[in-house]
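I have placed the structure first, in the form of structure tokens, so that the comments after it can refer back to it.
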Amino acid sequence: MAVDQELVDAAIALARTRLGGTPWSGAAALRLDDGTVLTSTAPEFPNRASACATKPARSAKPSSWTGA
């Protein structure tokens, strides 16, 4: 399958514009049947725990937990 470079470039441009300066970012692009290109990034969630899949895993054990 060939890569649609216009879509790749559109996703990169959006990630750099909207999320520039962050150590990680992600964006997507797709083309509609009429040729329109749509782009999007992941939303910022008010509850950061819901976005944990984008961060390195951390221990679920609280530092104050003394159980075995």
### Message
So Ser40 passes all but one of these: (1) at pLDDT 90 or above; (2) part of a loop (DSSP other than H, G, I, E, B). Which condition number does it fail?
### Response
(2)
### Task
Scan region 19-33 residue by residue and report those that are more than 14 Å from Asp9 (Cα to Cα) and part of a loop (DSSP other than H, G, I, E, B).
Gly20, Gly21, Thr22, Pro23, Trp24, Ser25, Leu32, Asp33
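The values are calculated or read from the model by the stated rules, or taken from the named source; none is laboratory data. Source: prediction; values computed, not measured.
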